[in-house]
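The values are calculated or read from the model by the stated rules, or taken from the named source; none is laboratory data. From a predicted model like this one, the values you see are computed outputs, not experimental measurements. Glycine gets a Cβ as well: all are built from the backbone with ideal geometry, and neighbour counts include every protein chain shown.
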Amino acid sequence: MDRRQFTKAAAAAGAVTALSPLNIARAQGARLKVGVLLPRSGVQAGIGQDCHRVVDVSVGILRDLGLPGLDIMNGDTESNVDVARSRAERLISEGAQLLVGAFDSGQSTAIAQVAEQRGIPFVINIAAAPPITEQGYKFVFRNFPTAPMILGDAFANQLEVFQATGVSPKSAVFMHVNDTFGVAMQKGFTGVMSKFTMPYKVLQTIAYDPAARDLSVEVAKARASGAEALIMVSRLNDAILITRELVKQRWTPAAVLSMGPGWYEDQYLKTLAKLGDGPISFVPWYDPNKPLAKRLEAAHTKAFPEINLNTNHIYTFEALLVAADAFKRAGSADPKALADAIRATNIKDNVSTGPGIQFDAKGQNDKLRNSAIQNRGGKLVVVAPKGAANAKPELPMTAYDKR
């Protein structure tokens, strides 16, 4: 090949490169197809629908942050593990390039298996069972604390609340749902608690079915123990049932301390009105002092003025933030390139409590921190840790018959 032939060949190669599918996609504003899997029907429908509310809000904020567009493909897990697995398969077959979901640990575990088998990145929004990121997966990432992380911060924040209020219960009953999340929390509870000098002794542990329609017997057992505090790992429907039983049985613990969802959710607050005030939830939350948190809260309030920003919204938003950020850095929807980009995530401007979003070798964000939030007048205020708080805690709870 002489110099003239080489020059022509080089020019032709340059033209082909310029017209490659990837560069054409970039020029036209490439979009990532994201399959969002949530339990939008079934026993967890309320929570799944709540998670989904922030999706449309998120897309606008991500665009304003200069991140690539996301094409959302929705999948309803129907609060069922087997359905979650089949919906994940379907979304991938229909072109989903990345999956997000699924709130529930059991359903997320099933989706993780599918994502790993199909080689599609899966960003977990909410799911706390530790085994999910202990399988050596290469395509599964979780920006949500594990049960031991939640418990560790819960005990630390409890001590901060007790010190701030001067109220330290000497005894407690631990009640928990018997689903994947609840059992994981129960298994870790005693072990993690032993690392802290807590003022109370756990008198009894009571497990129950989250789909139960009558929890009068369980509440009666807790009341009969004489415990000063009620420690809960719940879901939404059972949190409402238990509160109504507390009122019916005329028992107001000095403190209701929740280590999971249910007690802080809007439906709980609206359904119970003044009877919903007082419980403190020790949960993954947002730092109300962070700029992006204020931005998300403002956008969410504009779209849903009657709904408080909560865990469901925060971590669903951040899962989409991780996806868009990785897609921008990867410059491609190739699964391996996306997974590598997610693995290298380092987002400092985020919403959740803690220093930011990074993933360890297992795909877990191990730098997340949790908060203590209290129901106050139908709203939620952050009472611990002090650096992320916007109010002071109040204990003991006001008696139900005096509200």
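Odds and ends about this structure:
- With respect to (1) of a type outside the set (S, T, N, Q); (2) on the phi < 0 side of the Ramachandran plot; (3) more than 19 Å from the chain's Cα centre (by Cα), the lone exception for G331 is condition (2).
- If you go through the stretch 142-179 and pick out every residue that is farther than 22 Å from E228 by Cα and within 15 Å of the chain's Cα centre (by Cα), you end up with 9.
- Verdict on V233 being in contact (Cβ under 8 Å) with a residue 40 or more places away in the chain and surrounded by fewer than 19 Cβ atoms within 10 Å (Cβ to Cβ): no
- The set of residues in the stretch 64-96 that are touching a residue at least 40 places away in the same chain (Cβ under 8 Å) and in a helix (DSSP H, G or I) comprises A84, R87, A88, L91, I92.
- Among residues that are surrounded by fewer than 22 Cβ atoms within 10 Å (Cβ to Cβ) and under 19 Å from the mean Cα position of the chain (by Cα), P121 is not included.
- Only one entry of A389, A372 meets the criterion of being free of Cβ contacts under 8 Å to residues at least 60 places away in the same chain and out of contact with any Cys (no Cβ under 6 Å at 6 or more places or on another chain), and that entry is A389.
- Enumeration of residues in the stretch 282-309 that are surrounded by 19 or more Cβ atoms within 10 Å (Cβ to Cβ) and touching a Pro at 6+ places or on another chain (Cβ under 8 Å): V283, P284
- For L395, the requirement of being under 22 Å from G260 (Cα atoms) and at pLDDT below 95 is not met.
- Just one of the listed residues (G60, G66, G42, G46) is of a type outside the set (V, I, T) and over 23 Å from H300 (Cβ atoms), namely G42.
- Which listed residue, of K187, K138, K195, K201, is in contact with a Ser or Thr (Cβ under 8 Å, 6 or more places away or on another chain) and charged (D, E, K, R): K201
- Restricting A361, A319, A341 to residues that are outside any loop (DSSP other than H, G, I, E, B) and either modelled with pLDDT under 95 or out of contact with any strand residue (DSSP E or B) (no Cβ under 9 Å at 6 or more places or on another chain) (or both) narrows the list to A341.
- Per this entry, I347 is counted among residues that are in contact with a helix residue (DSSP H, G or I) (Cβ under 7 Å, 6 or more places away or on another chain), surrounded by fewer than 23 Cβ atoms within 10 Å (Cβ to Cβ), of a type in the set (V, I, T) and not assigned by TED's automatic domain parsing to the domain that holds Q249.
- Within the stretch 182-205, restricting attention to residues that are in contact with a Pro (Cβ under 7 Å, 6 or more places away or on another chain) and assigned to a loop (DSSP other than H, G, I, E, B), the residue that is surrounded by the fewest Cβ atoms within 10 Å (Cβ to Cβ) is P199.
- Among the residues of the stretch 247-261, just one is in contact with a Lys or Arg (Cβ under 9 Å, 6 or more places away or on another chain) and of a type in the set (A, V, I, L, M, F, W, C), namely W251.
- Subset of the stretch 206-224 (residues that are surrounded by 16 or more Cβ atoms within 10 Å (Cβ to Cβ) and hydroxyl-bearing (S, T, Y)): Y208
- Applying the condition of being of a type outside the set (G, A, S) and in contact with a Ser or Thr (Cβ under 7 Å, 6 or more places away or on another chain) to the stretch 317-347 and asking which residue is nearest to G66 (Cα to Cα) yields D325.
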